[in-house]
1. Per 10 Å bin, what is the whole-percent P(r) computed from every C-alpha pair distance within the chain?
2. Quick check for the chain: number of Lys pairs with alpha-carbon distance under 20 Å, counting only pairs 8 or more apart or on different chains?
3. Once phi is turned into θ = phi - 60°, what whole-Hz ³J(HN,Hα) does the Karplus curve with 6.51, -1.76 and 1.60 give for every residue of the range 71-77, x standing for Gly and Pro?
4. Dividing the Cα convex hull volume of the range 125-176 by residue count, how many Å³ per residue is that?
5. Per DSSP H run of at least 4 residues, take -39500 (n - 2.57); add these up for the chain, divide by its residues and hand me the 222 nm value, nearest 500 deg cm²/dmol.
6. Give me the net charge for the shell around E93: Cβ to Cβ below 12 angstrom, other residues only, Lys and Arg +1, Asp and Glu -1.
7. Along Cα→Cβ, 7 Å out, is where each label goes; now give me the distance between the ones at D170 and Y30 in nm to one decimal.
8. So if I average 1/r over every pair of distinct C-alpha atoms in the range 8-67 and take the inverse, what Kirkwood radius in Å does that give?
Amino acid sequence: MDFGILYYSDLRPYSFTAVIRNLGYQFSPYDEKREEIAYDIAVGATYELSDVPLKWHLTINSLQQWNIAVPNPSNDETDLDGNTTSEDINFFENAIRHFVIGAEFFPRRKFSARLGYNFRRAAELKLTETRTFAGVSLGFGLKMGRLKLDYAFTKYHPVDNSSTFTLYIDLTRKGF
């Protein structure tokens, strides 16, 4: 199950939300082993500028667990004797991995463009000396009457990316 709460007002340029994702219980054990469901607690906020067609987004996720940083094997160092040392993740590097930022351009118009950056994904999926764009997401939205089409593109790795299409239909609005 997912639970969420949203504060939003047409009179205010900001909104706040809190979400608990993947809250559940494994009813049937697999191979006689019952596993914990990996839930996630997140909070987010948006702020729409008044004189510029721009809306900022900030999400802080994985609040149920402080230490979420995993060393990236691409950052391992090997000395002349063959000893390998993993990267040392400090307080700031761990803290920043909880954040996702984004911007939406022209949020109240028929066409909007979006850009996002996930610090955790960027740190843990990057490759040394290679530009992978891991952590970057791009998208756009089109509003056409009671229909709204959204597209999002996310780059995970040089050989893997994800495209997502969403179609909204406003059934309360009369006409097309």
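What follows draws every value from the coordinates through simple rules; no lab data is involved. Note that the structure is a prediction, hence the values are computed from the model and not measured. A quick note on method: Cβ atoms are made from the backbone with ideal geometry, for glycine too, and the neighbour counts reach across all protein chains shown.
1. Each 10 Å bin holds this share of Cα pairs: 8, 24, 33, 22, 9, 3, 1, 0.
2. 9
3. x, 7, x, 5, 9, 5, 10
4. 66 Å³
5. Only helices count here, giving -2000 deg cm²/dmol.
6. -1
7. Using points 7 Å along Cα→Cβ, the separation is 4.2 nm.
8. One decimal place: 14.4 Å for the Kirkwood radius.
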